[in-house]
Amino acid sequence: MTPCDCCGQVVAKRLWVIEIDGTEQGFCSQECESLFRTYVLPKRAAAAATNPS
Ligand SMILES: [Zn+2]
């Protein structure tokens with residue numbers, strides 16, 4: 001079973017899979033996808049900008 005990339009909850013039924021920047025991300029719901037886009041991606045971009053490796 002695969003955990004949701006946003007909330008970390010294990011997804012027992014169908015994983016909501018989308019591709020972001022060439023990487024497949026799986027979520028438990030569309031809500032988690034939008035949360036991920038809103039909160040995680042900007043943080044990740046900021047971290048990549050300060051720490052390129
Ligand atoms: Zn989730």
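The values are calculated or read from the model by the stated rules, or taken from the named source; none is laboratory data. What you see is a predicted model; the values in this text were computed from it and never measured. Positions of Cβ are generated from backbone atoms using ideal geometry, with glycine treated the same way; all protein chains shown enter the neighbour counts.
Just wondering, is there one or more residues in segment 1-10 that are touching a helix residue (DSSP H, G or I) at 6+ places or on another chain (Cβ under 8 Å), at pLDDT below 95 and among the charged types (D, E, K, R)? The answer is yes, given that some residue of segment 1-10 is touching a helix residue (DSSP H, G or I) at 6+ places or on another chain (Cβ under 8 Å), at pLDDT below 95 and among the charged types (D, E, K, R).
One residue alone among 27, 36 is touching a strand residue (DSSP E or B) at 6+ places or on another chain (Cβ under 6 Å) and at pLDDT 90 or above, and that residue is 27.
Please specify each residue of segment 1-20 satisfying the condition of being assigned to a strand (DSSP E or B), more than 8 Å from the ligand (Cβ to nearest atom) and farther than 15 Å from residue 41 by Cα.
2, 3, 10, 16, 17
Of all residues in segment 21-29, at least one satisfies being more than 9 Å from the chain's Cα centre (by Cα) and within 11 Å of the ligand (Cβ to nearest atom).
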